[in-house]
Amino acid sequence: MLDAGVIHKVQFPKWLSNVVMVLKKNSKWRMCIDFTNLNKACSKDDYPMLRIDTLVDAAIGSEMLSMLDCFFGYLQIFMKKSDKEKTSFTTPFGTYCYVRMPEGLWNGGSTFNRTVKEVLGSQLDRNISASVDDIVVQSKKREDHIQDLRETFANLQQHGLKLNPEKCVFDVRRGNLLGCLIKERGIEANLKKNRSPQENEATHHQEKSAEVDRQIGLSEQIHLQVR
């Protein structure tokens, strides 16, 4: 992140938060910052979040869909210069602060929604549905889909927003949107989300056991670093 210009070193910050390492589903570690104290001092931005049912209903009946994912969406937004040091965090290698907006800030979601509104506002409710960094290009007619994608890419490029190609899916008749399986005729049950109570209980125990193992491993790593 330092080489990418996402963070830089800082000295004597007034605010300082701790790092929390979280294991992702793909077995990779994600570095998160505990902004609990900073968030308590921030006023809530009441910018309206989009309703999930509205987004899902808008996608129903489309002959063609493309699911787009913004690449590290929050980090594509620069922090205000006077607020950078408030995001400072401590590591064994020094103290750093964010140049770009990190996840975990109280008003991060509202800020990104404002950005999406600014970038794709002319397409929203017409051929685009968007929820934070998840964007769905929806075409009522299959032959219009290429043009809808071109319009979307042009708007994203104009404002410098980048996509994550590993998480993008193009030209499909059905797709997963906010936990719902959307297709032309309506909504289908997502079988991956529907499990029996017994399966849910077994999965819960497995996840809890795995979490304990992860915490033990993380404690051992911290102990070795302290030594």
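Bear in mind these aren't lab numbers, they're just calculated from the coordinates by the rules spelled out. Here the structure is a predicted model, which is why all the values come from computation and not from measurement. Positions of Cβ are backbone-derived with ideal geometry, glycine not excepted, and every protein chain shown enters the neighbour counts.
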Problem set entry | Two-site label geometry, Ala4 and Phe78: point separation in nm, points 7 Å out along Cα→Cβ | 1.8 nm
Exercise. So what are the ³J(HN,Hα) numbers for segment 113-129, from phi and the Karplus equation (6.51, -1.76, 1.60; θ = phi - 60°), rounded to whole Hz, Gly and Pro as x?
Worked result: 4, 4, 5, 4, 4, 5, 7, 10, x, 6, 9, 4, 6, 10, 9, 9, 10
Seminar exercise, completed: Of 153-165, 103-115, 127-139, ordering from highest average Cβ density within 10 Å down gives 127-139, 103-115, 153-165
Exercise. Could you give me the ³J(HN,Hα) list for segment 56-61, computed from phi with Karplus coefficients 6.51, -1.76, 1.60 and θ = phi - 60°, whole Hz, x at Gly and Pro?
Worked result: 5, 4, 5, 7, 5, x
Problem set entry | Column: log10 I(q)/I(0), Debye, Cα scatterers of segment 62-178, q = 0.09, 0.12, 0.17 Å⁻¹ | -0.30, -0.49, -0.83
Exercise. Taking H as built 1.01 Å from N, whose amide H comes closer than 5 Å to the amide H of Met64, not counting residues under 5 places away?
Worked result: Ser139
Problem set entry | Backbone N under 16 Å from the Thr91 label point (7 Å along Cα→Cβ), restricted to segment 32-47 | 32-34
Seminar exercise, completed: Treating only Lys and Arg (+1) and Asp and Glu (-1) as charged, each at its beta carbon, one finds that segment 1-71 has a dipole about its Cα centre, in Debye to the nearest 20, of 540 debye
Seminar exercise, completed: Any residue on another chain or 5+ positions along whose placed amide H is under 5 Å from the amide H of Thr95 is listed here as Val10
